[in-house]
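Heads up: the structure comes next, in structure tokens.
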Amino acid sequence: MKKEYNNSEELSNYIVLKEEKEVIFYLHNPYPDCLDIPDIMKQRFPSDYKSIVVNSLDEFKKYGEKV
């Protein structure tokens, strides 16, 4: 399993799980930032990737440990 960490300015807390075709976003307070996710997904990832939003830092870290 390969993962990538994003270092961009907007919604900077996400992990890409390439084998699972998932993008995990960490948003402590999801609204209104979650409204930007569909545009980010369209711009940066193939259409078969899905997004997952977590608001627990512990859960987000668990996704990062999957490698």
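FYI, it's all coordinate maths here, none of it is from the lab. Fair warning: this is a prediction, and the values are worked out from it, not measured in the lab. With ideal geometry, Cβ positions are generated from the backbone for all residues, glycine too; neighbour counts draw on all protein chains shown.
In table form, for the structure just shown:
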quantity: Distance-filtered residues of region 38-67 - backbone nitrogen under 11 Å, label point 7 angstrom along residue 19 Cα→Cβ; calculated: 66-67
quantity: Gained length - residue 39 relative to residue 57, 0.36 nm times residue gap less alpha-carbon distance; calculated: 4.1 nm
